[in-house]
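The block underneath contains the structure these notes are about, expressed in structure tokens.
The values are calculated or read from the model by the stated rules, or taken from the named source; none is laboratory data. Computed from a prediction, not measured in an experiment: that's the story for all the values here. With ideal geometry, Cβ positions are generated from the backbone for all residues, glycine too; neighbour counts draw on all protein chains shown. Heads up: the accessible areas ignore ligands, DNA and RNA and are worked out on the full protein's heavy atoms, side chains in. Shrake-Rupley method; radii C 1.70, N 1.55, O 1.52, S 1.80 Å.
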Amino acid sequence: MGLMKIAVIGQSLFGQEVYKELRKDGHTIVGVFTIPDKDGKADPLEKDGVPVFKFPRWRVKSQAIPEVVSQYRDMGAELNVLPFCSQFIPMEVIDHPKHGSIIYHPSLLPRHRGASAINWTLIHGDKKAGFTVFWADDGLDTGPILLQKECDVEPNDTVNTIYKRFLFPEGVKGTVEAVRLIAEGKAPKITQPQEGATYEGIQKKEGAKIDWNQSAEALHNWIRGNDKVPGAWAEVDGRKVTFYGSILVDNGTTASGQPLEISGASRPGIVTKAGLVLFGNDDKALLVKNLQFDGKMIAAAQYFRSGSSAAVELTEEEKTFAEQMRVTASILSNVSQIEDSTDFFKSGAASMDVVRLVEEVKLRASSCQLQNEDVYMNTTFQDFIQMCVRKLRGEDDEEELVVDYVEKTINNMTIKIPHQLFINGEFVDAEGGKTYKTINPTDGTAICDVSLAQISDVDKAVAAAKEAFEEGEWGKMNPRDRGRLIYKLADLMEQHQEELATIEAIDSGAVYTLALKTHVGMSIQTFRYFAGWCDKIQVRLGKHPLIEVLNCFFLRVCAIVIPWNYPLMMLAWKTAACLGAGNTVVLKPAQVTPLTALKFAELAARAGLPKGVLNILPGSGALVGQRLSDHPDVRKLGFTGSTEIGKHIMKSCAVSNVKKVSLELGGKSPLIIFSDCDLDKAVRMGMSSVFFNKGENCIAAGRLFVEDTIHDQFVKKVVEEVKKMKIGDPLDRSTDHGPQNHKAHLDKLVEYCQTGVKEGATLVYGGKQVQRPGFFFEPTVFTDVQDHMYIAKEESFGPVMIISKFKGGRANATEYGLASGVFTRDISKALYVSERLDAGTVFVNTYNKTDVAAPFGGFKQSGFGKDLGQDALNEYLKTKAVTIEY
């Protein structure tokens with residue numbers, strides 16, 4: 001390839017990137033011809049010590065300025081490259097190099113000649129966009145075509161998105177490719193066709209007024225085509241209002257909000273919580289997110305409240321933050337002193353300056369989650385500081401979260417319990433106002449009425465989750481920012497841990513001390529753990545002559561269905577991984593234990609989780625769980641529960657749309673106790689393996705195999721300890737054993753033990769309901785349990801210890817494989833047995849010791865897939881292989 005002497009004529013970051021790539025190719029840049037400094041700032045193209053010329057103009061009254069042309073000719077350029085040029089360049093310059101001049105133009109010529117080509121591509125609703133590199137001539141964008149590339153226009157593309165996605169990166173590559181073709185003598189000159197040629201002038205503010213006598217799609221195209229410059233506008237309440245951030249919507253006719261009369265519109269707009277809904281003459285709708293009037297930009301949802309916010313008085317700490325930001329804000333302009341009234345943009349700020357300012361704020365105050373648009377909406381330093389402080393206080397003009405609490409004074413505190421569905425960031429009633437009562441298992445009384453989700457509620461929640469990912473900030477959020485939000489949520493959970501543990505105790509019967517340490521404590525740890533993973537999900541490169549890129553991609557909308565034994569912890573195990581991987585979620589808590597999930601939803605909203613990212617639907621499995629399994633927009637379902645229901649869910653997910661599924665199902669976990677064990681520890685941990693959390697524990701030891709020589713001694717010690725266990729109110733700090741979760745489960749336990757007695761097992765202790773209010777069942781011990789018995793094969797999911805004498809080879813004789821355990825002082829024996837136990841978790845000389853970093857899940861009919869640890873992230877991601885030949 002022949003190397004050339006090139007003059008780069010133009011400006012902007014686009015010109016800078018072309019300049020850099022041409023130098024990488026070995027060409028000599030003999031001069032950069034750019035525009036004069038603007039507001040004291042040099043153009044990005046000025047760099048590297050290459051001669052720079054800043055002519056205010058190249059010609060006067062259509063005649064080239066001789067001095068300018070002379071300075072240009074002295075550079076000896078063999079090719080002019082105009083990557084982005086806003087000046088008129090005379091033909092004496094265009095034709096001077098031996099290879100002529102080439103120009104980048106952001107449209108598919110001959111369509112959209114002129115200076116606002118990208119705008120007009122969108123305004124006309126073109127389905128294809130692209131760019132052209134052409135040979136300059138004396139016409140306006142009429143020269144022969146050298147190279148052209150196109151892309152699809154997405155329904156909600158804006159000038160900004162299409163430029164960033166395609167026109168900028170591919171345009172740089174295309175311009176450099178055009179130069180290579182010239183250097184190789186292979187550059188074509190294809191005459192532009194006359195057919196399809198259009199010319200549109202520079203789009204100016206006065207010409208951007210909206211004509212409302214059009215379809216919704218045409219209105220959308222007009223607004224997005226004029227966004228951000230010059231801005232489509234209309235008269236509203238006697239003033240000029242400019243519209244930004246348009247998207248097409250399907251459900252505008254059902255939007256609820258406050259009507260807004262707009263001059264010339266076929267019907268009033270509706271100010272909703274999502275923005276301003278507008279209607280075309282075809283009665284279809286679009287949504288506008290931001291409005292500008294009286295020199296200020298606001299969120300469209302805030303239109304009727306735009307003048308109501310009073311200035312907040314800053315604390316001393318906030319004043320210090322403001323002064324730090326005053327120094328930081330100086331990067332936005334050439335103003336030596338930033339005053340309260342300084343307007344960033346009137347002082348010369350550009351879009352890259354805004355990005356820098358936002359990142360600086362995040363570094364100084366990580367909890368202040370700014371977006372670029374926050375700066376555009378608060379253009380003076382005073383407004384900017386007020387906005388930052390409101391965000392830091394959690395008062396950032398977002399609509400206040402309205403919660404209809406049920407309040408109870410209990411456990412030496414007042415607990416505030418949400419009881420409605422949580423959909424799209426709001427607590428709402430179920431369709432038809434349907435409710436049910438959730439029961440306190442300690443005394444059998446009703447705690448409160450809870451909204452009972454219907455199929456239409458599921459559809460709304462899934463739609464909200466889908467929109468939050470595809471259109472909202474969650475799907476576009478920097479992973480590190482997503483991690484900060486999840487960590488902030490964990491901090492809020494910690495601040496409310498006593499309240500959460502109290503709610504868990506009265507709703508599920510969990511002993512308060514255990515709820516505080518495990519149900520709530522491990523939930524907090526889990527969210528912190530996965531918050532740390534957000535920015536560590538990595539691309540992997542294959543070792544192949546071609547570059548193989550194996551990357552993890554979001555599944556988008558995920559459904560989670562959890563059981564009643566650990567209501568909050570099961571939520572955390574799955575939801576933390578799901579959110580950490582970047583998805584949105586619709587979660588169905590167990591119908592009998594919905595309250596900590598709803599309290600969690602409140603905390604998530606207060607932590608700043610965007611609307612629609614998390615949705616909570618109390619309701620029946622047959623209705624809500626089934627609809628989530630069947631829903632075509634749900635791409636993953638995580639389930640913890642019985643094997644029977646898991647099989648049904650798996651079938652539904654396969655038939656509907658082959659959803660990705662993870663299942664943590666039933667167990668009958670064996671615990672093998674060898675005679676060489678530490679007997680006292682084996683007794684203590686053996687009891688924990690069965691009676692922990694009242695036996696309502698998926699990994700509970702369903703059958704203990706005790707070696708003959710210590711069997712009787714082990715049973716004797718266990719019964720002695722069981723008799724000491726205090727049964728009672730779970731809020732009493734001395735209680736060891738609380739009530740079973742609900743009445744139906746209590747009845748099944750009674751039946752389970754009666755079956756064991758009928759089959760000939762020896763009931764050593766317990767086996768019956770405690771005679772007191774509530775759903776209490778005695779800790780129970782069976783011995784002489786034979787392999788054929790029902791209680792030897794099926795889990796009780798309650799406080800029932802099943803002891804058999806150890807004969808060897810029987811621990812794997814079950815269809816379940818969730819967990820297992822072995823007690824021995826012989827490490828070789830422990831490792832030998834561990835290797836052969838067919839279970840997802842093996843405990844050695846301990847039990848129930850789970851960790852947030854250790855993967856958890858079963859084999860066989862105990863399910864597949866993992867919670868916790870890095871493996872859990874993969875359950876909520878999909879892997880794509882991208883192979884690039886180079």
In what sequence, largest accessible area first, do 384, 864 appear using a 1.4 Å probe? 864, 384
Taking the Cα centre of each part, how many Å lie between segment 312-331 and segment 407-442? 41
Kindly provide the helix-only [θ] at 222 nm of the chain, computed as the sum of -39,500 (n - 2.57) over DSSP H runs of four or more divided by all residues, to the nearest 500 deg cm²/dmol? -9500 deg cm²/dmol
How much net charge surrounds residue 516 when only other residues with a Cβ under 13 Å from its Cβ are counted (Lys, Arg +1; Asp, Glu -1)? -2
Can you give me the angle between helix 521-533 and the longest principal axis of the chain, using Cα atoms only, in degrees from 0 to 90, rounded to the nearest 10? 30
Among 641, 789, 615, which residue has its Cα furthest toward the positive end of the charge dipole of the chain, with +1 on Lys/Arg Cβ and -1 on Asp/Glu Cβ? 789
Residue separation between residue 456 and residue 651 times 0.36 nm, minus their alpha-carbon distance, gives in nm 68.0 nm
Surface accessible to a 1.4 Å probe, per residue, for the residues of the chain, Å²: 43
Output ³J(HN,Hα) for segment 477-489: one whole-Hz value per residue in order, computed from phi by the Karplus curve 6.51 cos²θ - 1.76 cosθ + 1.60 with θ = phi - 60°, and x for Gly and Pro. 5, 4, x, 5, 5, 4, x, 4, 5, 5, 5, 4, 4
Starting from the Cα-Cα distance between residue 165 and residue 684, subtract it from 0.36 nm times their residue separation and give me the gain in nm to one decimal. 180.7 nm
Nearest-20 debye value, segment 779-841 charge dipole, Cβ charges on Lys, Arg, Asp, Glu: 280
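Can you work out the FRET efficiency for the pair residue 443 and residue 235, with r the C-beta to C-beta distance and R0 = 56 Å, to the nearest 0.05?
0.30
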Between the modelled labels at residue 312 and residue 356 (7 Å from Cα along Cα→Cβ) the distance in nm is 2.7
Which whole-number percent gives the relative contact order of segment 563-607, counting Cα pairs below 8 Å spaced six or more residues apart? 47
Residue 53 to residue 150: extension gain in nm, 0.36 nm per residue of separation minus the Cα-Cα distance? 31.6 nm
Considering amide H positions built from the backbone, and no H for Pro or chain starts, which residues 5 or more places from residue 591, or on another chain, come under 5 Å of its amide H? 619
Using the per-residue mean of other Cβ atoms lying within 10 Å as a proxy for protection, in what order, highest first, do the peptides 822-832, 265-275 fall? 265-275, 822-832
Using amide H atoms built 1.01 Å from N in the peptide plane, name the residues 5+ places from residue 130, or on other chains, whose amide H lies under 5 Å from its own. 108, 151
Which of the lysines could a cross-linker bridge to residue 726, judged by Cα under 20 Å and excluding same-chain residues fewer than eight apart? 517, 694, 716, 717, 768
1/(1 + (r/R0)^6) with r = Cβ-Cβ of residue 882 and residue 517, R0 = 56 Å, i.e. FRET efficiency to nearest 0.05, evaluates to 0.80
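Ranked highest first by average number of other Cβ atoms within 10 Å, how do 207-218, 679-690, 696-707 line up? All intermediate terms of the calculation are to be shown ahead of the outcome.
Working: 207-218: 16.2, 679-690: 20.0, 696-707: 25.4.
Output ranking for 207-218, 679-690, 696-707: 696-707, 679-690, 207-218.
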Suppose each label sits 7 Å from its Cα in the direction of the beta carbon; what would the residue 199-residue 769 distance come out to in nanometres? 9.1
Return the subset of 98/189; 476/536; 660/880; 488/599; 536/588 for which the Cα-Cα distance in this structure is over 19 Å, preserving the input order. 536/588
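Return the carbon/sulfur percentage of the accessible area of segment 761-886, one whole number, probe 1.4 Å, all protein chains in place.
The nonpolar share, carbon plus sulfur, comes to 50 percent.
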Report, in whole Å, the centroid distance computed from the Cα atoms of segment 201-239 and segment 765-806. 73
Tabulate in residue order the Karplus-calculated ³J(HN,Hα) for segment 498-507, using 6.51 cos²θ - 1.76 cosθ + 1.60 with θ = phi - 60°, rounded to whole Hz; enter x for Gly and Pro. 5, 5, 4, 5, 5, 4, 4, 5, 7, 8
If you count, for each residue, the other Cβ atoms within 10 Å and average over each peptide, how do 528-534, 775-781 line up from highest to lowest? 775-781, 528-534
Measuring from label point to label point, each 7 Å out along Cα→Cβ, what is the residue 328 to residue 535 span in nm? 1.4
Which entries of 416/651; 61/127; 805/849; 460/668; 164/659 show an alpha-carbon separation above 30 angstrom in the structure shown? 416/651; 61/127; 460/668; 164/659
Would you grab the residues whose amide H sits under 5 Å from the one on residue 142? Only those 5+ places off in sequence or on another chain, please, with H modelled 1.01 Å from N. 137
I need to check one value: relative contact order of segment 149-259, counting alpha carbon pairs closer than 8 Å and at least 6 residues apart, in percent. 25
Determine which aspartates and glutamates satisfy two conditions relative to residue 748: a Cα distance under 18 Å, and not lying fewer than 8 residues away in the same chain. 644, 696, 759, 778, 794, 795
Using a Förster distance of 45 angstrom, determine the FRET efficiency expected from the C-beta separation of residue 751 and residue 283, and round it to 0.05. 0.15
Reduced to Cα centres, the span from segment 104-182 to segment 647-682 in Å works out to 57
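Whole number please: convex hull volume per residue of the Cα set in segment 736-827, in Å³?
On the way: hull volume 12.4 nm³, N = 92.
Dividing the Cα hull volume of segment 736-827 by its residue count gives 135 Å³.
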Given contacts defined as C-alpha pairs under 8 Å and at least six residues apart, what's the relative contact order of the chain, whole-number percent? 8
Among 508, 819, 573, flag the residue with its Cα farthest along the positive direction of the charge dipole of the chain, charges on Cβ as +1 for Lys/Arg and -1 for Asp/Glu. 819
Using volume of the Cα convex hull per residue in Å³ as the read-out, say which of (1) 204; (2) 169; (3) 224 was calculated from these coordinates. (1)
